[in-house]
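Report on one structure; see the data block that follows.
The values are calculated or read from the model by the stated rules, or taken from the named source; none is laboratory data. Bear in mind the structure is a predicted one, so any value in this text is a computation, not a measurement. We place every Cβ from the backbone using ideal geometry, glycine too, and count neighbours over all the protein chains shown.
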Amino acid sequence: MKPFFTPLRPPGAVAEQEFLRRCIRCGQCVHACPWQAVRLAGGWGKTRNTPVIVPRHTPCWLCMKCPPACPSGALDASVTSMEKANMGRAIMIKDQCLNYKGGTMCWTCYDRCPLRGKAIILEGGILPTITDACVGCGVCEYVCPEKAITTVPEKR
Amino acid sequence: MPMPTTTFTENMAGLLPEHSIPPERTVSCPSAFAAAAAAAMEAQSSPKAEEARAEASRGATATTEQRHHSPAPRPLPFGNRWYVRLRRPVQCSVFMLFLLLPWLHSQGFVGISGSLYALNVFNVPFADPVSAMQALLGGLVPFSLWAGAGIVLLLALLFGRVFCGWLCPFGLLSEVAHTLRRRFAPPKATPPASSPPTAYRQWFRVRTGLCLLGIILAAWLGFPVLNSVSLPGELSLLSLQAHEGMAAVLVALALPVAVLLAEVLTGKRLWCRVCPQAACLALAAACTQQGFGVAWNATRCTCPRHARMCEAACSLQLPVRRKNGPPRSECVQCGDCVTACAKACTAPQGQALHMGFEKR
């Protein structure tokens with residue numbers, strides 16, 4: 001169950017424990033994000049003022065501007081390609097998806113995926129299926145009209 | 001005895017109008033005469049007669065030396081403390097900058113990003129050395145963080161703790177609260193101390209100890225503990241927390257407001273004396289006596305020892321009248337003592353305190 005309790009980190013984040021040690025809570029990734037998708041976690045715990053992404057509010061469009069902005073190496077600055085963002089993984093809830101339920105042809109997630117044709121493929125030309133290429137940016141969760149997709153942070 | 005019923009201190013604070021001072025005491029610098037008079041008065045009643053007499057003779061000698069040997073310095077356009085007047089605007093604009101940063105970014109101004117933990121100003125990195133040390137516990141950090149911490153330490157070496165006095169948003173709030181408290185609820189008059197205050201030595205130890213403790217805790221708990229109790233960092237991230245809603249702002253403001261309340265209630269600036277974020281800055285500033293700072297010129301000093309206008313003005317209660325000025329590890333370069341000194345004695349022979357690189 002642990003993955004469900006670690007927040008979704010910006011692209012290029014190192015493993016969660018090391019991330020908490022390295023992140024100095026400066027907010028430069030938040031300023032670097034042109035979509036305001038990276039936000040600061042609240043509360044009083046270890047994760048206070050660390051960057052998180054809440055896909056259902058604003059997903060990450062994988063512009064890859066935050067890893068070079070990080071001064072402390074909590075986001076690996078060498079990660080510059082969308083395929084290596086490694087934030088997490090999207091999970092399809094099939095009994096909510098219109099295509100799986102039948103009757104409506106909705107390919108919104110397939111169309112809007114930043115890694116179009118790689119992370120989500122159409123099985124049999126109809127059923128959207130998430131592959132191992134998915135990096136967990138959360139755009140599909142954001143655009144899905146039925147909220148049939150959930151993004152799970154990378155297990156670290 | 002020509003001494004009126006008012007004391008010397010009141011005269012010096014400018015509470016009396018100019019014409020109420022007898023003309024023979026305003027010839028060159030009234031303070032030397034007043035010092036002599038006050039000392040003579042004290043000599044009749046006080047047990048400190050010897051010290052006061054020595055003090056008065058010293059002041060008088062110094063004034064005579066000044067009159068005969070060194071000409072009055074040429075006045076600068078705004079006095080010798082013109083940059084001290086820039087301090088409040090600088091503090092306010094830094095706080096406003098951090099409050100407005102998200103909006104500025106949305107308007108396309110991306111030259112400055114980050115917070116007071118780590119800042120990027122037109123690709124010049126700045127970093128809090130304490131944060132950098134805690135990040136080091138997680139592994140080798142990129143060069144920009146090293147460079148940023150190094151730049152900040154170099155600035156502290158050259159300019160002293162200007163960060164605390166000129167840039168820190170909590171320093172601004174604390175000073176404003178302290179000033180208001182002093183104005184509306186002035187502290188009870190305490191008898192002047194016979195020796196300069198030395199409590200700052202404890203603050204240095206407490207601050208360094210807190211910093212070391214925080215770093216040990218950070219290594220143990222696995223996250224930068226000191227960044228969770230950093231008031232400047234928290235206040236500079238306020239605008240980003242505001243994006244999360246009012247509840248997040250209240251959480252972010254809880255610690256600063258609690259500390260401010262404690263400071264207002266006690267009437268002392270508690271946090272800034274022992275702020276662990278300043279431990280590295282204090283160490284760097286204490287490395288040299290030659291940098292920017294307040295210097296005290298004993299031959300110009302005309303206040304008697306018990307008057308201490310400069311030390312009464314210092315919100316951190318530091319000893320100012322020492323050979324190299326206030327202790328560099330504690331002084332935040334606010335210049336309150338310089339202003340008080342200039343107000344206390346407007347004669348050209350006065351103004352024993354000077355702020356700058358050169359030591360007069």
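So, in segment B:256-269, how many residues would count as being in a loop (DSSP other than H, G, I, E, B) and small (G, A, S)?
Filtering segment B:256-269 down to residues in a loop (DSSP other than H, G, I, E, B) leaves B:267-269.
From what is left, the residues that are small (G, A, S) are B:267.
Residues flagged as in a loop (DSSP other than H, G, I, E, B) and small (G, A, S) within segment B:256-269 amount to 1.
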Every pair of residues 6+ apart whose Cβ atoms lie under 7 Å, when the first sits in segment A:126-145 and is at positive phi while the second is among the small types (G, A, S) and crowded, with 20+ Cβ neighbours inside 10 Å: A:G136/A:G88; A:G136/A:A90
A:L115 vs. criteria touching an Asp or Glu at 6+ places or on another chain (Cβ under 8 Å) and over 30 Å from B:A149 (Cα atoms): yes
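When only residues in segment A:34-51 that are more than 9 Å from chain B (Cβ to nearest Cβ) and surrounded by 18 or more Cβ atoms within 10 Å (Cβ to Cβ) count, which is farthest from A:I149 (Cα to Cα)? Step through it out loud before you land on a result.
Just the residues of segment A:34-51 that are more than 9 Å from chain B (Cβ to nearest Cβ), to begin with: A:35, A:37-38, A:51.
With surrounded by 18 or more Cβ atoms within 10 Å (Cβ to Cβ) added as a condition, the list becomes A:37-38, A:51.
Numbers: A:A37: 18, A:V38: 20, A:P51: 22 Å.
Result: A:P51.
With B:S228, B:S236 as the choices, which residue is hydroxyl-bearing (S, T, Y), free of Cβ contacts under 8 Å to residues at least 60 places away in the same chain and either buried (at least 23 other Cβ atoms within 10 Å of the Cβ) or facing another protein chain (nearest Cβ under 9 Å) (or both)? Full working, then the answer.
Numbers: B:S236 fails: free of Cβ contacts under 8 Å to residues at least 60 places away in the same chain.
Exactly one of B:S228, B:S236 is hydroxyl-bearing (S, T, Y), free of Cβ contacts under 8 Å to residues at least 60 places away in the same chain and either buried (at least 23 other Cβ atoms within 10 Å of the Cβ) or facing another protein chain (nearest Cβ under 9 Å) (or both), namely B:S228.
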Criterion violated by B:L265 - all others in (1) under 21 Å from B:Q134 (Cβ atoms); (2) loosely packed, with under 12 Cβ neighbours inside 10 Å satisfied: (1)
Sole exception among (1) in a helix (DSSP H, G or I); (2) without any contact (Cβ under 8 Å) to a residue 60 or more places away in the chain; (3) not aromatic (F, W, Y) for B:A156, by number: (2)
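Looking at B:L226, B:L240, B:L217, B:L250 in this structure, which one is farther than 26 Å from A:E16 by Cβ and either in contact with a strand residue (DSSP E or B) (Cβ under 7 Å, 6 or more places away or on another chain) or in the same structural domain as B:F170 (by TED's automatic domain parsing) (or both)?
Numbers: B:L226 fails: farther than 26 Å from A:E16 by Cβ; B:L240 fails: farther than 26 Å from A:E16 by Cβ; B:L217 fails: farther than 26 Å from A:E16 by Cβ.
Within the list B:L226, B:L240, B:L217, B:L250, the selection yields B:L250.
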Those residues of segment B:82-135 which are at positive phi, more than 9 Å from every other protein chain (Cβ to nearest Cβ) and touching a helix residue (DSSP H, G or I) at 6+ places or on another chain (Cβ under 7 Å), in sequence order: none
Residue under evaluation B:N120, criteria (1) touching a residue at least 60 places away in the same chain (Cβ under 8 Å); (2) not in a helix (DSSP H, G or I), criterion not met: (1)
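Being free of Cβ contacts under 8 Å to residues at least 60 places away in the same chain and crowded, with 23+ Cβ neighbours inside 10 Å is the filter here; which residues of segment A:59-68 pass it? So that I can check it myself, show each step before the final result.
Initially, segment A:59-68 is screened for residues free of Cβ contacts under 8 Å to residues at least 60 places away in the same chain, giving A:63-68.
Of everything in segment A:59-68, just one residue is free of Cβ contacts under 8 Å to residues at least 60 places away in the same chain and crowded, with 23+ Cβ neighbours inside 10 Å, namely A:C66.
Can you pull out the residues in segment B:143-174 that are facing another protein chain (nearest Cβ under 7 Å) and either under 29 Å from B:L270 (Cβ atoms) or surrounded by fewer than 18 Cβ atoms within 10 Å (Cβ to Cβ) (or both)?
Narrowing segment B:143-174 to residues facing another protein chain (nearest Cβ under 7 Å): B:144-145, B:148.
The one that is facing another protein chain (nearest Cβ under 7 Å) and either under 29 Å from B:L270 (Cβ atoms) or surrounded by fewer than 18 Cβ atoms within 10 Å (Cβ to Cβ) (or both): B:G148.
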Criterion: surrounded by 14 or more Cβ atoms within 10 Å (Cβ to Cβ) and part of a strand (DSSP E or B) - qualifying residue of A:V135, A:V152: A:V152
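Just for helices (runs of 4 or more DSSP H) wholly inside segment B:165-255: which have at least 1 residues that are within 17 Å of the chain's Cα centre (by Cα)? Break it down into steps so the answer makes sense when it comes.
Values: elements: B:169-184, B:200-221, B:225-228, B:231-236, B:238-242.
Once the helices (runs of 4 or more DSSP H) in segment B:165-255 are filtered for at least 1 residues that are within 17 Å of the chain's Cα centre (by Cα), what remains is B:169-184, B:200-221, B:231-236.
Could you list, in sequence order, the residues of segment A:55-77 that are aliphatic (A, V, I, L, M), within 10 Å of another protein chain (Cβ to nearest Cβ) and in a loop (DSSP other than H, G, I, E, B)? Can you show your working first?
At the first step, the residues of segment A:55-77 found to be aliphatic (A, V, I, L, M) are A:62, A:64, A:69, A:74-75, A:77.
Still in the running and within 10 Å of another protein chain (Cβ to nearest Cβ): A:69, A:74, A:77.
Listed by number, the residues that qualify are A:A74, A:A77.
Can you pull out the residues in segment B:285-297 that are within 14 Å of B:L158 (Cβ to Cβ) and surrounded by 24 or more Cβ atoms within 10 Å (Cβ to Cβ)?
Here is the first cut: in segment B:285-297, the ones within 14 Å of B:L158 (Cβ to Cβ) are B:285-293.
Within segment B:285-297, B:A285, B:G293 meet the criteria.
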Test result for B:V130, in contact (Cβ under 8 Å) with a residue 60 or more places away in the chain and surrounded by 24 or more Cβ atoms within 10 Å (Cβ to Cβ): yes
Restricting segment A:91-132 to residues that are among the β-branched types (V, I, T) and farther than 22 Å from A:L62 by Cα, the residue that is surrounded by the most Cβ atoms within 10 Å (Cβ to Cβ): A:I93
Some residue of segment A:86-106 being closer than 17 Å to A:A37 by Cβ and assigned to a helix (DSSP H, G or I): no
Whichever residue in segment A:9-33 is within 8 Å of chain B (Cβ to nearest Cβ) and at positive phi and, among such residues, is surrounded by the fewest Cβ atoms within 10 Å (Cβ to Cβ): A:R25
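Given the criterion of a type in the set (S, T, Y) and in contact (Cβ under 8 Å) with a residue 60 or more places away in the chain, identify the matching residue among A:T6, A:T104. Can you show your working first?
Details: A:T104 fails: in contact (Cβ under 8 Å) with a residue 60 or more places away in the chain.
Checking each option against the conditions leaves just A:T6.
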